[in-house]
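Worksheet for the structure shown next.
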2 protein chains.
Amino acid sequence: MPEPSAPPSPLKEFRRSIDNLDATLIYVLAERFRLTKRVGEYKRDEGLPSSDHGREAEQIARLKALAVEADLDPEFAERFLRFVIDEVIRHHERIRKETA
Amino acid sequence: MPEPSAPPSPLKEFRRSIDNLDATLIYVLAERFRLTKRVGEYKRDEGLPSSDHGREAEQIARLKALAVEADLDPEFAERFLRFVIDEVIRHHERIRKETA
(Lines give C-alpha, C1' and ligand atoms only; values in the text may rest on other atoms or scores of the structure.)
Protein backbone atom coordinates (compact mmCIF):
# COMPACT_ATOMS: atom_id res chain seq x y z
CA MET A 1 0.00 0.00 0.00
CA PRO A 2 1.47 3.44 -0.87
CA GLU A 3 2.26 5.99 1.83
CA PRO A 4 -0.66 8.43 2.31
CA SER A 5 1.66 11.28 1.32
CA ALA A 6 3.16 9.47 -1.72
CA PRO A 7 2.73 11.56 -4.88
CA PRO A 8 0.53 9.88 -7.50
CA SER A 9 2.53 8.46 -10.41
CA PRO A 10 2.34 10.58 -13.60
CA LEU A 11 1.08 7.56 -15.53
CA LYS A 12 -1.78 7.06 -13.06
CA GLU A 13 -2.72 10.74 -13.27
CA PHE A 14 -2.75 10.71 -17.08
CA ARG A 15 -4.83 7.55 -17.07
CA ARG A 16 -7.48 9.04 -14.78
CA SER A 17 -7.92 11.93 -17.22
CA ILE A 18 -7.99 9.55 -20.19
CA ASP A 19 -10.65 7.44 -18.43
CA ASN A 20 -12.78 10.56 -17.88
CA LEU A 21 -12.48 11.52 -21.55
CA ASP A 22 -13.35 7.96 -22.60
CA ALA A 23 -16.54 8.06 -20.52
CA THR A 24 -17.40 11.35 -22.26
CA LEU A 25 -16.80 9.75 -25.66
CA ILE A 26 -19.05 6.78 -24.82
CA TYR A 27 -21.91 8.99 -23.63
CA VAL A 28 -21.63 11.36 -26.62
CA LEU A 29 -21.52 8.39 -29.01
CA ALA A 30 -24.59 6.90 -27.28
CA GLU A 31 -26.47 10.16 -27.79
CA ARG A 32 -25.29 10.35 -31.42
CA PHE A 33 -26.68 6.84 -32.08
CA ARG A 34 -29.97 7.81 -30.41
CA LEU A 35 -30.25 10.65 -32.91
CA THR A 36 -29.20 8.60 -35.94
CA LYS A 37 -31.76 5.94 -34.91
CA ARG A 38 -34.43 8.62 -35.23
CA VAL A 39 -32.91 9.69 -38.56
CA GLY A 40 -33.09 6.04 -39.70
CA GLU A 41 -36.77 5.80 -38.73
CA TYR A 42 -37.52 9.09 -40.49
CA LYS A 43 -35.70 7.96 -43.64
CA ARG A 44 -37.55 4.63 -43.60
CA ASP A 45 -40.92 6.39 -43.20
CA GLU A 46 -40.14 8.87 -45.99
CA GLY A 47 -38.62 6.21 -48.28
CA LEU A 48 -35.21 7.92 -48.28
CA PRO A 49 -31.99 5.91 -48.85
CA SER A 50 -29.89 4.80 -45.82
CA SER A 51 -26.75 6.61 -46.98
CA ASP A 52 -26.34 10.13 -48.38
CA HIS A 53 -22.94 10.66 -49.99
CA GLY A 54 -23.39 14.44 -50.29
CA ARG A 55 -24.09 14.76 -46.57
CA GLU A 56 -21.16 12.45 -45.70
CA ALA A 57 -18.74 14.50 -47.83
CA GLU A 58 -19.88 17.68 -46.03
CA GLN A 59 -19.46 16.03 -42.61
CA ILE A 60 -15.97 14.80 -43.45
CA ALA A 61 -14.83 18.21 -44.75
CA ARG A 62 -16.24 19.96 -41.67
CA LEU A 63 -14.69 17.52 -39.18
CA LYS A 64 -11.29 17.64 -40.91
CA ALA A 65 -11.32 21.44 -40.56
CA LEU A 66 -12.29 21.16 -36.86
CA ALA A 67 -9.55 18.55 -36.38
CA VAL A 68 -6.91 20.93 -37.80
CA GLU A 69 -8.09 23.62 -35.39
CA ALA A 70 -7.93 21.16 -32.45
CA ASP A 71 -4.47 19.87 -33.55
CA LEU A 72 -5.85 16.39 -34.26
CA ASP A 73 -4.66 14.51 -37.37
CA PRO A 74 -7.37 15.28 -39.99
CA GLU A 75 -6.81 11.88 -41.64
CA PHE A 76 -7.57 10.23 -38.30
CA ALA A 77 -10.72 12.39 -37.97
CA GLU A 78 -11.85 11.20 -41.39
CA ARG A 79 -11.22 7.52 -40.55
CA PHE A 80 -13.04 8.02 -37.24
CA LEU A 81 -16.12 9.52 -38.90
CA ARG A 82 -16.10 6.78 -41.53
CA PHE A 83 -15.94 4.18 -38.73
CA VAL A 84 -18.99 5.76 -37.03
CA ILE A 85 -20.98 6.31 -40.26
CA ASP A 86 -20.43 2.68 -41.34
CA GLU A 87 -22.02 1.58 -38.07
CA VAL A 88 -24.91 4.05 -38.55
CA ILE A 89 -25.60 2.70 -42.06
CA ARG A 90 -25.68 -0.86 -40.67
CA HIS A 91 -28.23 0.32 -38.07
CA HIS A 92 -30.34 2.07 -40.73
CA GLU A 93 -30.41 -1.06 -42.86
CA ARG A 94 -31.50 -3.07 -39.82
CA ILE A 95 -34.31 -0.55 -39.06
CA ARG A 96 -35.46 -0.84 -42.68
CA LYS A 97 -35.45 -4.66 -42.59
CA GLU A 98 -37.31 -4.86 -39.26
CA THR A 99 -40.34 -3.24 -40.85
CA ALA A 100 -39.96 -4.53 -44.43
CA MET B 1 -35.59 30.26 -50.12
CA PRO B 2 -37.95 28.88 -47.44
CA GLU B 3 -40.66 31.06 -45.90
CA PRO B 4 -39.43 32.69 -42.67
CA SER B 5 -42.20 30.86 -40.81
CA ALA B 6 -41.57 27.48 -42.48
CA PRO B 7 -40.90 24.79 -39.85
CA PRO B 8 -37.39 23.31 -40.09
CA SER B 9 -37.34 19.80 -41.58
CA PRO B 10 -36.90 17.02 -38.99
CA LEU B 11 -33.84 15.73 -40.88
CA LYS B 12 -32.19 19.17 -40.75
CA GLU B 13 -32.88 19.45 -37.02
CA PHE B 14 -31.41 16.00 -36.29
CA ARG B 15 -28.38 16.81 -38.39
CA ARG B 16 -27.67 20.04 -36.50
CA SER B 17 -27.59 18.08 -33.24
CA ILE B 18 -25.42 15.36 -34.80
CA ASP B 19 -23.01 18.03 -36.07
CA ASN B 20 -22.75 19.49 -32.55
CA LEU B 21 -22.03 16.06 -31.07
CA ASP B 22 -19.43 15.39 -33.78
CA ALA B 23 -17.61 18.62 -32.92
CA THR B 24 -17.62 17.49 -29.26
CA LEU B 25 -16.18 14.11 -30.27
CA ILE B 26 -13.39 15.74 -32.30
CA TYR B 27 -12.38 18.08 -29.45
CA VAL B 28 -12.50 15.30 -26.82
CA LEU B 29 -10.46 13.01 -29.09
CA ALA B 30 -7.93 15.83 -29.65
CA GLU B 31 -7.54 16.24 -25.88
CA ARG B 32 -7.26 12.45 -25.46
CA PHE B 33 -4.38 12.36 -27.98
CA ARG B 34 -2.69 15.29 -26.19
CA LEU B 35 -2.71 13.18 -23.02
CA THR B 36 -1.61 9.94 -24.70
CA LYS B 37 1.24 11.89 -26.34
CA ARG B 38 2.46 12.77 -22.85
CA VAL B 39 2.00 9.14 -21.79
CA GLY B 40 4.10 8.09 -24.82
CA GLU B 41 6.88 10.51 -23.86
CA TYR B 42 6.78 9.31 -20.26
CA LYS B 43 6.91 5.64 -21.33
CA ARG B 44 9.83 6.37 -23.65
CA ASP B 45 11.73 8.20 -20.90
CA GLU B 46 11.08 5.41 -18.39
CA GLY B 47 11.79 2.63 -20.92
CA LEU B 48 8.25 1.23 -20.64
CA PRO B 49 6.63 -0.67 -23.58
CA SER B 50 4.22 1.17 -25.95
CA SER B 51 1.31 -1.14 -25.24
CA ASP B 52 0.02 -2.51 -21.94
CA HIS B 53 -2.42 -5.39 -22.40
CA GLY B 54 -3.54 -5.38 -18.74
CA ARG B 55 -4.47 -1.70 -18.93
CA GLU B 56 -6.24 -2.22 -22.28
CA ALA B 57 -8.32 -5.10 -20.91
CA GLU B 58 -9.36 -2.91 -17.95
CA GLN B 59 -10.29 -0.02 -20.27
CA ILE B 60 -12.36 -2.29 -22.53
CA ALA B 61 -14.24 -3.87 -19.60
CA ARG B 62 -14.97 -0.44 -18.09
CA LEU B 63 -16.15 1.12 -21.37
CA LYS B 64 -18.36 -1.87 -22.20
CA ALA B 65 -20.07 -1.45 -18.80
CA LEU B 66 -20.52 2.29 -19.42
CA ALA B 67 -21.88 1.53 -22.89
CA VAL B 68 -24.53 -0.81 -21.45
CA GLU B 69 -25.58 1.94 -19.03
CA ALA B 70 -25.78 4.47 -21.90
CA ASP B 71 -27.69 1.99 -24.14
CA LEU B 72 -24.82 1.86 -26.64
CA ASP B 73 -23.87 -1.51 -28.19
CA PRO B 74 -20.97 -2.74 -25.98
CA GLU B 75 -19.38 -4.54 -28.95
CA PHE B 76 -19.30 -1.23 -30.81
CA ALA B 77 -17.74 0.44 -27.73
CA GLU B 78 -15.02 -2.21 -27.73
CA ARG B 79 -14.31 -1.81 -31.46
CA PHE B 80 -14.25 1.98 -30.99
CA LEU B 81 -11.72 1.80 -28.15
CA ARG B 82 -9.59 -0.67 -30.13
CA PHE B 83 -9.67 1.76 -33.09
CA VAL B 84 -8.45 4.61 -30.85
CA ILE B 85 -5.85 2.52 -28.98
CA ASP B 86 -4.35 1.22 -32.26
CA GLU B 87 -3.80 4.85 -33.31
CA VAL B 88 -2.27 5.67 -29.91
CA ILE B 89 0.17 2.74 -30.18
CA ARG B 90 1.23 3.96 -33.65
CA HIS B 91 1.87 7.41 -32.14
CA HIS B 92 3.86 5.91 -29.25
CA GLU B 93 6.04 3.94 -31.64
CA ARG B 94 6.67 7.11 -33.64
CA ILE B 95 7.64 9.01 -30.45
CA ARG B 96 10.05 6.20 -29.59
CA LYS B 97 11.65 6.19 -33.06
CA GLU B 98 12.04 9.98 -33.20
CA THR B 99 14.43 9.85 -30.26
CA ALA B 100 15.98 6.40 -30.86
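The values are calculated or read from the model by the stated rules, or taken from the named source; none is laboratory data. Predicted model, so just to flag it, every value in this text is computed and none were measured. Neighbour counts run over all protein chains shown; Cβ positions are idealised from the backbone, glycine included. Just the protein is used for accessible areas: all its heavy atoms, side chains included, with ligands, DNA and RNA removed. Shrake-Rupley method; radii C 1.70, N 1.55, O 1.52, S 1.80 Å.
Give the lysines reachable from B:Lys12 as a straight Cα distance under 17 Å; neighbours fewer than 8 places away on the same chain don't count.
Reachable lysines: A:Lys37, A:Lys43.
Choose one answer from A:Leu21, A:Leu63, A:Leu11: the residue with the largest mean-square fluctuation in a GNM of chain A with alpha-carbon springs under 10 Å.
A:Leu11
Show B:Arg38, B:Arg55 ordered by accessible area, largest first, where the area counts protein heavy atoms only and the probe is 1.4 Å. All intermediate terms of the calculation are to be shown ahead of the outcome.
Values: B:Arg38 135, B:Arg55 30 Å².
In descending accessible area the options line up as B:Arg38, B:Arg55.
Normalise the Debye intensity by I(0) for chain A, one equal point scatterer per Cα, no solvent, then take log10 at q = 0.18 Å⁻¹ and round to two decimals.
For chain A, the Cα-only Debye profile gives -0.96.
Within region B:19-58, what whole-number % of the accessible surface is contributed by carbon and sulfur, with the 1.4 Å probe and all protein chains included in the calculation? Each step should come with its number before you reach the end.
Values: 960 of 2050 Å².
Carbon with sulfur: 47 percent of the solvent-accessible area.
Counting protein heavy atoms only and a 1.4 angstrom probe, how many square angstrom of accessible surface do chains A and B bury in total, to the nearest 100?
Values: alone 8390 and 8390 Å², together 11920 Å².
The buried area between A and B, both sides summed, comes to about 4900 Å².
Given the DSSP H assignment, sum -39500 (n - 2.57) over each helix run of at least 4 residues in chain B and divide by its residue total; what's the result at 222 nm in deg cm²/dmol, nearest 500? Walk me through the numbers on the way to the answer.
Numbers: 3 runs with 80 residues, N = 100.
The helix contribution divided over chain B gives -28500 deg cm²/dmol.
Compute the helix-to-body angle for B:10-46: its Cα long axis versus the longest principal axis of chain B, expressed 0 to 90° and rounded to tens.
Orientation of helix B:10-46: about 10 degrees from the principal axis.
For a bin width of 10 Å, list the pair-distance distribution of region B:22-78 built from all Cα-Cα distances, rounded to whole %.
All Cα pairs, binned at 10 Å, distribute as 21, 36, 35, 8, 0 percent.
Over region B:13-77, give the accessible area per residue in Å² for a 1.4 Å probe, as an integer. Don't jump to the answer; show the numbers that get you there.
Values: 3380 Å² over 65 residues.
Ligands and nucleic acids excluded, the result is 52 Å² per residue.
What do you get for the angle between helix B:74-98 and the principal long axis of chain B? Use alpha-carbon atoms, 0 to 90 degrees, nearest ten.
Long axis of B:74-98 versus the principal axis of chain B: about 50 degrees.
Suppose you put the label 7 Å out from Cα in the Cβ direction; list, shortest first and in nm with one decimal, how far B:Glu75 is from each other copy's label.
From this label point to the equivalent ones elsewhere in the assembly: 3.1 nm.
Rounded to the nearest 0.05, what FRET efficiency do B:Glu69 and A:Tyr42 give with R0 = 22 Å and r taken as the Cβ-Cβ distance? Could you check?
Details: r = 27 Å, r/R0 = 1.21.
After rounding to 0.05, the efficiency reads 0.25.
Counting partner chain Cβ atoms within 10 Å of every residue's Cβ in A:75-86, what's the average?
Working: counts 0, 9, 5, 0, 2, 8, 3, 0, 5, 6, 0, 0.
Taking all residues of A:75-86 together, the mean is 3.
Between copies, how close do the A:Asp19 label points come, placed 7 Å along Cα→Cβ, listed in nm from shortest?
A:Asp19 label point versus its equivalents elsewhere: 3.7 nm.
Normalise the Cα radius of gyration of the protein assembly as shown by 2.2 N^0.38 Å (N = residues in it) and let me know the number.
Details: Rg = 19.7 Å, N = 200, 2.2 N^0.38 = 16.5 Å.
Against the empirical 2.2 N^0.38 Å value, I get 1.20 for the protein assembly as shown.
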